[in-house]
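First up is the structure itself, then whatever we jot down about it.
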Amino acid sequence: MKRTGYLKRIFNPELFQGDLSRDGYFEGWYFKHVSHDAGEAMSFIPGVSLAGKKMAFVQFIDGKRGKTAFFEYPLDAFKAEPGGFDIRVGPNRFSARGIDLDLEGSGMRIRGRFEYGPFTRFPRTLLAPGVMGWYSYVPVMECYHGVVSAAHAVRGEVRVNGRGYAFGEGRGYVEKDWGVSFPERWIWAQANSFAESDASFMLSVAKIPWRGRYFSGFLCFLYAGGAFYRFMTWNRSRIEALEDRGGTIRARLGNSRYAISVRVSARDHGKLIAPRTGSMERVIKESIDALLEVELVDRAGKLLFRGTSPRAGCENVGGMAALWAGEEGR
């Protein structure tokens, strides 16, 4: 498989970043779909695992019913268009135009097609080519993260074991991860089904290995009213509060211009398989049936955005909130 140029890959995280001959590596894309009335939410995660039993795969999450499934394929079933966003895993195809699904296994049969509207790209500059900012250029990160589309229109239908689910005039979101392993601990929340708004929100807080030690890093953005509001480790924002009380995560982040508060309560969880040293062997729990509330204000206290999103995604792995409160920066 021909390798795309270094800078093109950094500025276009949707492209296949890896090399199928590399050991101890993983890469996966996360495609989320929410119906217009937020009655349905389904995500599909195609990817590759290049450690232990090398494979390609597609994972499925049914947010409303809390069901998940893992579909395994031989590694040679994975194809990535050189220099373009066109991923194939067996008969399944994933691109900026949409996805075609033909999955069978784990007691499930899934057929369907989604068509996408134009992607909302995360802002890119030379110093910050993606959501990770200048960390995108660091060659030794354990895990890299990219936002492929913060928001786009979705239209389509999926049949799961013969039953149809329609997503007409729905909303979509695409992100991805690649590298060696997911972090030891992390919190992740994502929402894009705010009433009467094209808003999209994402928060990630993780324990990041760094030169034999670690730091607590975070990425957070709100896209609303055609603008991105960014709260990141790399742009000198800060976490002012982070707590987990009985499964409800509360966080407040700020910078010199804005402050953002979020509250997310997870509901049903499904089991996903996450990478450890490239091998898909770690079982985690994810909900895409969480309820997320977000509020954005400027430093004068003026309310700029307030919204509630059902069918939000949420992961809380390893107790990151407690880590942040007690051991940050050690």
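Results, tabulated for the structure shown:
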read-out	value
Qualifying position, being assigned to a strand (DSSP E or B) and of a type in the set (Phe, Trp, Tyr), among PHE122, PHE94	PHE94
Any hit, segment 137-149, residues being part of a loop (DSSP other than H, G, I, E, B) and touching a His at 6+ places or on another chain (Cβ under 9 Å)	no
Matching option when the condition is surrounded by fewer than 18 Cβ atoms within 10 Å (Cβ to Cβ), in contact (Cβ under 8 Å) with a residue 60 or more places away in the chain and either in contact with a helix residue (DSSP H, G or I) (Cβ under 9 Å, 6 or more places away or on another chain) or closer than 20 Å to THR248 by Cα (or both), among PHE194, PHE215, PHE201	PHE215
Test: residue in segment 126-134 that is at negative phi and free of Cβ contacts under 8 Å to residues at least 24 places away in the same chain	yes
Residues of segment 58-67 satisfying the condition of being surrounded by fewer than 21 Cβ atoms within 10 Å (Cβ to Cβ) and either modelled with pLDDT of 95 or more or touching a Lys or Arg at 6+ places or on another chain (Cβ under 9 Å) (or both)	LYS64, GLY66
Matching option when the condition is in contact with a Ser or Thr (Cβ under 8 Å, 6 or more places away or on another chain) and farther than 19 Å from GLU175 by Cβ, among GLY105, GLY66, GLY39	GLY66
Residue match in segment 29-45 (condition: touching a strand residue (DSSP E or B) at 6+ places or on another chain (Cβ under 7 Å), buried (at least 22 other Cβ atoms within 10 Å of the Cβ) and over 29 Å from SER197 (Cα atoms))	no
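The values are calculated or read from the model by the stated rules, or taken from the named source; none is laboratory data. Note that the coordinates shown come from a computational prediction; the quantities given were computed from them, not determined experimentally. No Cβ is skipped: glycine too gets one built from the backbone with ideal geometry, and neighbour counts run over all protein chains shown.
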